[in-house]
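Report on the structure given below.
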Amino acid sequence: MLHKFLSVVSLVIVLAISSRAQDDLDALFESVFNAENNQGTTAVTNSPPVLPVSTAPVAPPAPTPPPVYTCSGECVPYYLCQDNQIITDGTGIIDIRVGEDTTVENECPNYLDTCCEKNGVLDVPPPTATEPPRPANKFTCGARNADGLGFRITGNKNGESEYGEFPWMLAVLREDKVMESTLNVYECGGSLIAPNVVLTAAHCVMNKPKESLLVRGGEWDTQTKNELYPHQDRRVREVITHSQFLKGSLANDVALLILEQPFDLAENIQPVCLPPKNFNFDKSTCFASGWGKNIFGKEGKYQVILKKVQLPFVPHNQCESAMRTTRLGNRFRLHPSFICAGGKVGEDTCRGDGGSPLVCPIPGVPANYYQAGIVAWGIGCGEQGIPGVYVNVAMFRDWIDQQLTQRHVESKHYTYA
């Protein structure tokens, strides 16, 4: 998306799901969260799902009255009103008003706008996204903004993340030609591990031409451009998938994207830390984030604002036992390239979240996070006792280091020190 994740009217995010025969081994993974090459029409149909963004409702009911806006001054982005204290210390609160009744009177059409007296409007551009240069050898990673950037939100009853809470979260997009237009459709999630390196799932990018891929950093609400810091888009120079990736079972489902130009690190765009080789996350409580479906099946809807879910880490043997109670059968073996998290009703990653990060607090440093996993697959979403399955990032630390060393990318970007 060249103007917004989705600023073009009628732009849609197409989420891909592999189509597999029922009696084939691949059918066991039909609920892979974001595999390949199917498209649909809307987020709520029985067809392969599509998330509309920046679109008006289709055929709205005639009797619905238009919203009433009551601002007597001027509606401007919240950071351009000099009397607005929201961004000065992070303690301001904004109501995201997700799914609100349109008959309720509001001051401004956009919840990130504020009603400002005309003489209080600042005639300055939005803040620049680029940080001042960092001192030599001063790199940080994995810093979660638990209270958001510039403001905190209320009304986030459906798991919406704070703005900028996970600054490593990326969207991997694919350009599609539709008649004379170019649409940027959502392919997968990803994470920033160095200014020019994305970590994602192999099933998201396998056999995708690099020229068709675009990576977006700093996105949060896909329907507005009024956020404090702008998003950034980067082209992909190289796609590196693990040589032992198995498309059927999704074993070794890890890939790296090398970008043509690095991201300009900003408050809303920062790398995540990677764990040391074979790091054990047992007993950890972790976070996953993404724009995927809220529930499995045709009733599920794709998310406009980046969501988060807190998940308990599930040991390998316990996860394997849980999976054997599903259609996978009692002989199923969980490949060592996978880890698991979740198992609580309604709390899970889901379709559309493939490639997105699972992060866990660094022991002794609760404000900073290791990326423990990459969303890979699952049996349904949010079923009691059935965890989601993630790529074991710690298992691939040597592979990641080796690939990036060959491309002159230093590990200090994603190593907590």
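The values are calculated or read from the model by the stated rules, or taken from the named source; none is laboratory data. Bear in mind that the values here come from a model prediction, so they are computed numbers and not experimental data. Just so you know, the surface numbers come from the protein's heavy atoms only, side chains and all, with ligands and any DNA or RNA stripped out. Shrake-Rupley method; radii C 1.70, N 1.55, O 1.52, S 1.80 Å.
So here's what we get for this one:
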{"quantity": "Built amide H within the under 5 Å cut-off of E107, gap 5+", "calculated": "T70"}
{"quantity": "Contact order relative to length of the range 360-399, as percent, for alpha carbon pairs under 8 angstrom and 6 or more apart", "calculated": "33"}
{"quantity": "Exposure rank, largest accessible area first [K283, K177, K307; 1.4 Å]", "calculated": "K283, K177, K307"}
{"quantity": "Residue-by-residue Karplus 3J(HN,Hα) for the range 331-339, coefficients 6.51, -1.76, 1.60, Hz, glycine and proline x", "calculated": "9, 5, 10, 7, 4, x, 7, 10, 10"}
